[in-house]
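Where a number appears in this text, it was derived from the coordinates with a stated rule and is not lab data. Note that this is a predicted model, so its numbers are computed, not measured. Here the Cβ positions follow ideal geometry from the backbone for every residue, glycine too, while neighbour counts run over all protein chains shown.
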Amino acid sequence: MSDYILVLDEGTTSTRAMLFASDGVLAASAQLELTQHYPQSGWVEHDPQEVWDKTLQCAMDVIQKAGGASMIAGIGITNQRETVVAWDRVTGEPLSRAIVWQDRRTEPFCMKLRAAGHEGEVQRRTGLLLDPYFSGTKMRWMLDNAPAVRAASDAGTLAFGTIESWLVFRLTGGARHITDASNASRTLLMELAGEGFDEGLCELFGVPHAALPQVTDMSGLLAVTDVQILGCEIPITGLAGDQQAATIGQACLAPGETKATYGTGAFVLTNQGDSIPQSSNRLLGTVLCQIDGKRIYAIEGSVFVAGSLIQWLRDSLGVVHDARETEALARSIETSGGVTIVPALSGLGAPLWRADARGVITGLSFASGKAELARAALEAMAHQTYDLAQAFAADGTSWGTLRIDGGMAANDWMAQDLADMLGVAVERPSFVETTALGAAMLAATGAGLYPDLASAVEVMRGTLKRFEPDMKDDVRQERLERWRKALNAA
Ligand code: ADP
């Protein structure tokens, strides 16, 4: 019986293939690292051919473990968002390296657009800000700077896409050039309410509309793989950007339900239902899900530095040998002794968006040691999340409980501190690969294994661990006051 779901989880540092049984249990997986290219300071690139080759290799590996491609009911793809690939739609060959979401090279173009007064209108229409993070300015950069991209555009053979779009093109033997609505909503080229890419926005960013993919649903019969690629035709039935997939994997299907992923950075998304998000507090509006043409939206806050602060303590300062040691260190003392860290190591994201801010450690004394630094680093996660909660609340969205995931969420001390500082219960699923699980839920629904997404979520979601708030308000206020002072210094 073909009732497995194959998920291709395209991360920034690795590509993975994961095989899920229809009840959401992980049956097999394979993973390969991706080469990171840093040609200049602030530039990050991937080789699209390597992404494809390694994806295919991982997919073949788990298909073999499943007992053959005929066992698979549908494929779900979830990906690092905003990363741009340019290829020739006739030859199917990449025309340049992919520009990765972290890449800052288009800041001058963004500044120009901001100076010309476009940010308000762009934010109102797309939910996004004029920041190099998003795909549109990256496409424009390729047109201006990669001769092969410009030549293909002139010849009418240029295809742009984010990673899921590139993989679908290859998986279908070049038959389908599509992108799902969640990935499309990160390009600056689609209105939040728009069905497809917007001619006016394409003109503003200087991106030819003809080079862009068709915008599709995120679940359903979206494409079918070419028989040559995986050995038989398999329907592609789920597509989603990674944070949207994680939000679905965390079962945030009703308005107000919120998840926070603590990986390298931290990403918080709250379901907004079918109302189009309009933030007055520099949060982002984004498409959370689109099925049968019906959209639901999310409001999103992105924090640039989360787990990477722990990595920095480990690799640059030698405070710990392993990220997990931070938990025992934090527990070994009653307080951080007044030590406060503002982790603005690469500027500050939401809600302040200050690219020029830099990290600060305040309150050091001779009594400060490794434990104080580790505890202050973990406390900084709750402080940053608290500020996001305030911004979400100011936009009219309060969090009932917070559902957490990501590598750092394994830290029980941090999970409890989040509950304490936010004053809300924090829930963590036992299966923390919520991004892949969300893609599996979409694909299982799209393949007809469930009548609707809610049914898939109900069956496929695992058990939860809950952390209840337990902190006196004066302790919380003292922490926040220290944080405010340190933040001003940053
Ligand atoms: P990504 O998907 O962004 O690559 P992960 O979700 O795998 O990241 O999370 C890894 C990050 O979490 C690393 O930066 C690491 O420092 C941090 N991390 C992992 N385990 C712990 C832990 N137990 N306590 C604190 N931080 C942790």
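Looking at the chain, the DSSP beta bridges with both ends there are about 70 percent antiparallel.
A straight chain from residue 115 to residue 145 at 0.36 nm per residue would run longer than the Cα-Cα distance by 8.6 nm.
With K and R counted +1 and D and E -1, the other residues having a Cβ less than 10 Å from that of residue 15 yield a net charge of -3.
Seen from every direction in turn and averaged, the convex hull around the alpha carbons of segment 182-321 projects onto 12.5 nm².
Per the Cα gyration tensor, the chain maps to an equivalent ellipsoid with semi-axes of 36, 27, 21 Å, ordered largest to smallest. When you work out D = kT/(6 pi eta Rh) for segment 46-142 at 37 °C and 0.692 mPa s, using the Kirkwood radius from C-alpha pairs as Rh and the Stokes-Einstein form, the result is 204 µm²/s. The phi torsions of segment 191-199, fed into the Karplus equation with coefficients 6.51, -1.76 and 1.60 and a -60° offset, translate into couplings of 6, 4, 8, x, 6, x, 6, 9, 4 Hz, rounded to whole numbers, with Gly and Pro shown as x.
Expressed in units of 2.2 N^0.38 Å, where N is the residue count, the Cα radius of gyration of segment 118-175 is 1.38. Based on every Cα atom in segment 258-350, Rg and the maximum pairwise Cα distance Dmax equal 17.7, 55 Å.
Taking other residues whose beta carbon is less than 9 angstrom from the beta carbon of residue 222, and scoring Lys, Arg as +1 and Asp, Glu as -1, yields -1. Work from the charge dipole of the chain (Cβ charges, +1 for Lys and Arg, -1 for Asp and Glu, about the Cα centre) and give the residue of 374, 133, 76 farthest towards its positive end. Of the listed residues, the answer is 374. Answer rounded, prolate or oblate for segment 1-77, using the Cα gyration tensor with square roots of eigenvalues a ≥ b ≥ c: rounded when a/c is under 1.5, else prolate when a/b is larger than b/c, else oblate. Because a/c hits 1.5 or more and a/b exceeds b/c, segment 1-77 counts as prolate. Taking Lys and Arg as +1 and Asp and Glu as -1, the other residues whose beta-carbon sits under 9 Å from that of residue 319 total +1.
Amide H to amide H, with H built 1.01 Å from N, residue 172 comes under 5 Å of 226, counting only residues 5 or more places away or on other chains.
Computed over segment 101-150, the percent of Cα pairs more than 18 Å apart is 31. If R0 is 25 Å, the Cβ-Cβ spacing of residue 209 and residue 154 corresponds to a FRET efficiency of close to 0.95.
Annotation for residue 60 and residue 368: the two label points, set 7 Å from Cα along the Cα-Cβ direction, are 5.4 nm apart. For segment 381-454, the Cα gyration tensor yields ellipsoid semi-axes of 28, 16, 9 Å (square root of five times each eigenvalue, largest first, whole Å). Only lysines eight or more places from residue 54 in sequence, or on another chain, were considered; those with a Cα closer than 22 Å are 65.
Dividing the helix sum by the residues of the chain, where each DSSP H run of 4 or more adds -39500 (n - 2.57), gives a mean residue ellipticity at 222 nm of -11000 deg cm²/dmol. If R0 is taken as 45 Å, the Cβ-Cβ distance between residue 484 and residue 227 corresponds to a FRET efficiency of 0.15. Taking the longest Cα principal axis of the chain as reference, the axis of helix 434-446 is set at about 40 degrees.
For segment 406-477, applying the loop criterion from DSSP together with a ceiling of 14 other beta carbons within 10 Å to the trypsin sites (Lys or Arg not before Pro) yields 472.
Shown in residue order for segment 121-136 are the 3J(HN,Hα) couplings computed by the Karplus curve 6.51 cos²θ - 1.76 cosθ + 1.60 at θ = phi - 60°: 5, 4, 5, 4, 7, 9, x, 10, 10, 7, 10, x, 3, 7, 6, x Hz (x for Gly and Pro). With a threshold of 26 Å on the Cα-Cα distance, the over-threshold entries among 112/138; 370/485; 259/370; 259/465; 259/294 are 259/370. Derived value for segment 413-455: Kirkwood hydrodynamic radius 12.5 Å. Basis is the mean of 1/r over every pair of different alpha-carbon atoms.
Semi-axes of the equivalent ellipsoid for segment 98-226, computed as √(5λ) from the eigenvalues of its C-alpha gyration tensor and ordered from largest down, come to 24, 18, 12 Å.
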